[in-house]
Amino acid sequence: MHEIILRIFFSGLMAFVPSKDGKELTVLVVSAPHGARLADGNELTHHTPILLVRAGKCEPAPCPARDPKIGKFLFGGPTAERAGASLARAVSGGGAWLLGSSDLSLPGATAELEISATRKSTASGAPDVVPHTPKEREDFSWVPRLSAIAPGIGRIKPELLGDHPPASLIAARLRLRSGRVITYSVIPVDKKVRPIRFNTAPGAPDAPFTQALANWVEAEVRIQGDAVELVDTNFETGAQRTFKFAPQNNLVEMAILNFPPLVHLAPDVSRPVPKRGQHFEVYYDLVTNPPAPGQRPVPEVGDMKPSDPQVDWIPLHSNEPVSPLLDALSMSPRGKRKSPYDITLCPGSQIP
């Protein structure tokens, strides 16, 4: 028996719910079904919840690794067959699954949970709005607190933490009781880290809340044993399935993603500025006292103000190793290839 490093990456439309005692973090993969409407009447872009695992071996074999729908979604390309082959290379000996009514757990993890808190304050005592060092960038509070953006929203709806959470609100859930949780990457704007504002509509007054925002969260979990065990229990039927992942070079990597359709950039195209994050509205449906439609602040990258601090993006991420899984998906924040996610403003949120 030995220790395996499990690295889990989270990105896209998902809410993080820390317990009061700090011993548990529940990750809610938020549903964004076809046909849902935003406050302005436009249709909410459908998001696809996906679980990817890169490992040395997956049991019970064969685990799905060439799902044509997932491959086409993540890689595009001329044919589903070629996209499926790219997906199989990315997950190596692991697998790829679409998530739906999935309650995920890691029974082999035993160490206490640690949520990174390394953010500094300004001279006035207020939290700084951008990180200035790689250590400060790891702070989990770059995932914005929904109650700080819109005070008075109440707490998380209790049914979302119950035995049968509504599939209309969440597609999957993972409870973390072990590991170290950090901000793996913050959103780059023109290769800089800048504070991002929130408002209810283009041109509307900004909410008081402003800061740099995380676009990737990482949990590093140490597992004792010969394999990482993942249990998936269906919310509605109670049906359960268990997967075991043997490590590759003592490492197993998972990515839980919840993205809208990705726009794949040509190699010679520069990274555009992320657009307005209108789908952030959906997070307010998860709380007990949500703002009225049309009064829900969402993130928007506006014009730079003279007083806005800005920090070079690359030095803030210099202490993080490149993930083999994210690199193979062309989603590594530090990878050489451009990520198709760069033009989507889809940060997570924290909910009390």
Loop-located trypsin sites (Lys or Arg not before Pro) in region 1-44 whose Cβ has at most 16 other Cβ within 10 Å (DSSP) = 20, 23
Choice from 11, 147, 121 with maximal GNM fluctuation in the chain (Cα, 10 Å cutoff) = 121
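Write down Rg/Rh for the chain, rounded to two decimals, with Rg from the C-alpha atoms and Rh from the Kirkwood relation over Cα pairs.
Answer for the chain: 0.94.
Which percentage, to the nearest 5, of the DSSP beta bridges contained in the chain is antiparallel? Can you show the working numbers first?
Values: 63 of 81 bridges.
So the antiparallel bridges in the chain amount to around 80 percent.
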message = Under 10 Å, Cα contacts only: if you run a Gaussian network model on the chain, which one of 291, 62, 306 comes out with the highest mean-square fluctuation?
response = 306
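Which whole-number percent is the relative contact order of region 100-182 (Cα, under 8 Å, 6+ apart)? Walk me through the numbers on the way to the answer.
On the way: 87 pairs, mean separation 45.3, N = 83.
Relative contact order for region 100-182 comes out at 55 percent.
What number, in nm² with one decimal, is the all-direction average of the projected area of the convex hull of the alpha-carbon atoms of region 189-290? Mind showing how you got there, number by number?
Values: hull surface 47.5 nm².
The orientation-averaged projected area of the Cα hull of region 189-290 comes to 11.9 nm².
Going through region 135-180, which trypsin sites (Lys or Arg not before Pro) have at most 16 other Cβ atoms within 10 Å and a DSSP loop state?
On the way: sites: 135, 137, 145, 155, 173, 175, 177, 180; in loops: 155, 177.
For trypsin sites (Lys or Arg not before Pro) across region 135-180 that sit outside H, G, I, E and B with at most 16 neighbouring Cβ atoms in 10 Å, the list reads 155.
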inquiry  = Tell me the angle of helix 80-91 to the major Cα principal axis of the chain, expressed in degrees between 0 and 90 and rounded to the nearest ten.
reply    = 90 degrees
message = Which residue fluctuates most in the GNM of the chain (Cα springs below 10 Å): 125, 22, 162?
response = 125
request  = Could you pull out every residue, at least 5 positions away or on a different chain, whose amide H is within less than 5 Å of the one on residue 39? Hs are placed 1.01 Å off N in the peptide plane, and Pro or chain starts have none.
outcome  = 294
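Using Cα-Cα distances under 8 Å and only pairs 6 or more residues apart, what relative contact order does the chain have, in percent? Before the final figure, lay out each step's value.
Working: 852 pairs, mean separation 107.0, N = 352.
Once normalised by length, the contact order is 30 percent.
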remark   = For residue 226 and residue 57, extending 7 Å from Cα along the Cα-Cβ vector and measuring point to point gives, in nm, a value of 0.8 nm
note = Isolated cysteines for the chain, Cβ-Cβ cutoff 4.7 Å, are 346
ask   = What net charge is computed for the residues neighbouring residue 299, neighbours being all others with C-beta under 14 Å from the C-beta of residue 299, Lys and Arg scored +1, Asp and Glu -1?
value = +3
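A short reminder: the numbers here are calculations on the coordinates, not readings from a lab. Keep in mind the model is a prediction, meaning the values are calculated, not measured. Every residue, glycine as well, gets a Cβ built from its backbone with ideal geometry; the counts of neighbours run over all protein chains shown.
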